[in-house]
Amino acid sequence: MPYLNTLKLRLCRCVFVLLALVSFFLPFNELHAEGSWQMGLFEGLSHRQPLYETNVAANRSVLRVDILSAGEVINVLACGADNASDLRVRIFDPFGTRVYNTTTTQSNVDCNDDFTGTFDPVASNAHQHVANTTGTYEVHLTNFNGTFLNRFDVTVTDNVTDQIDPRDNGGRLWSDYWYFWAGSFAESASTDADLYVVADGGFTDTYYIWKLDLNNFAGYGYGLKANSLGVVSPNAAGDTVAGMSVPSAGNTIVEQFPIYLSYPEKIYPAPTSTFSVSPLQFFDSDNVDNAITSGGNGAFYFTTDYISTAVYEIIIDTSSQTGGGPDGLYGQGDIFLRGIAMPGDNVVPWDGKDNNGDNVPLGAYTAAVSVRIGEYHFSADDV
């Protein structure tokens, strides 16, 4: 629902438009399974997307498994750089206790297997753990003879004797920081994988599930993350700004949301409530309403209700039209203020400067403000 508030300013007249944008949950029917197959092997051997070994300190490629019933079995198949790679497989329960720890001198699946068949867990020496409690388990994979794994699959079964099919639609495996080594930017090594991001629904214990449909996605050695604000980086004025398209130097990408390799089987309730946003106000550092003096400071104020988290974005129309003055359009050249909107009062400072750190000339400016729930940004490097 849009909100419109016209403010009489001492130096200018500002119109603020607040948009509450809600993204709708839609179920998806095309699902993939739990490892190399759904990441690209389903397209052929060259699309396999080898997985970097787990790096706990960096939170990289920490595999997380949803166990929904006690007694379910976690099955792990893995191959390192080759079939003779020394591998270590560790499994941790939801309380952080290590419940499985094995080092092997060979893989339990061939590095060239196309994953089009099934595996007997006993004959294949699958790494297995019978979960005695529900919750999120962690699987850590280490290759002592390299840094990545040519094949991996994590499948949850009901019994230790159940056949393993890497093509099954499990919906149990996720990470908030996937890291792969395709070793090429060529289309023949790309992936058309479908991934599923679970974003905050804006209300307590609510969520939105987004389908990320990769299409000839070509990464060399690349990481995948998802969050509510995107890349965080300093702009030309030296301010830290979220959501910008930025060079690789000087920025950070913080992982936040789970990225599943198939549609989650775990229930993530979608929000059913709506929320409201109060009329926006602006005060300068002297607490003067609806004005800011040149070279001074001020802040935007608004409130939201019943929101756990949301994203606000304030766009101040400072780009010039022919003959001078704002052009009435929101986009390139304008000032973007983005961040997390919290329940209750929100204060967003603005120093009266543009993206280059220069004072904005006196005049009348229009600002568009949106508050959005269910928003996610997908970030990748080396792509």
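Nothing in this text is a laboratory measurement; each read-out follows from the coordinates by a stated rule. In this text, all values refer to a predicted model and were calculated from it rather than measured experimentally. Because the Cβ atoms are built from the backbone with ideal geometry, glycine has one as well, and the counts that use them run over all protein chains shown.
Computed quantities for the displayed model
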{"read-out": "Most to least packed among 307-314, 296-303, 345-352 [average Cβ atoms within 10 Å]", "value": "307-314, 296-303, 345-352"}
{"read-out": "For region 126-170, the spread of Cα positions along each principal axis, largest first, Å", "value": "33, 24, 18"}
{"read-out": "Stretch gain in nm, segment Asp213-Thr116, where the contour uses 0.36 nm per residue and the Cα spacing is subtracted", "value": "32.7 nm"}
{"read-out": "Filtered chymotrypsin sites (Phe, Trp or Tyr not before Pro), region 69-139: DSSP coil and at most 15 other beta carbons within 10 Å", "value": "Phe95"}
{"read-out": "Bins of 5 Å from zero: percent of alpha-carbon pairs in region 48-160", "value": "2, 12, 24, 25, 20, 13, 4, 0"}
{"read-out": "Estimated distance in nm for a label pair at Leu362 and Asn55, the labels positioned 7 Å out from Cα along Cα-to-Cβ", "value": "5.4 nm"}
{"read-out": "Size-normalised alpha-carbon gyration radius of region 49-89, reference 2.2 N^0.38 Å", "value": "1.42"}
{"read-out": "Virtual spin-label span in nm between Ala299 and Thr204, 7 Å along Cα→Cβ", "value": "2.6 nm"}
{"read-out": "For a label point 7 Å along the Cα-to-beta-carbon line of Ser124, residues of region 249-282 with backbone N under 19 Å", "value": "261-262"}
{"read-out": "Residue-by-residue Karplus 3J(HN,Hα) for region 122-130, coefficients 6.51, -1.76, 1.60, Hz, glycine and proline x", "value": "6, 5, 8, 6, 4, 6, 10, 9, 8"}
{"read-out": "Using θ = phi - 60° and Karplus 6.51 cos²θ - 1.76 cosθ + 1.60, couplings along region 328-344 (whole Hz; Gly, Pro as x)", "value": "x, 10, 10, x, 4, x, 8, 9, 10, 10, 10, x, 8, 7, 10, x, x"}
{"read-out": "Total formal charge among the other residues, if their Cβ is under 11 angstrom from that of Gly171, Lys/Arg +1 and Asp/Glu -1", "value": "-2"}
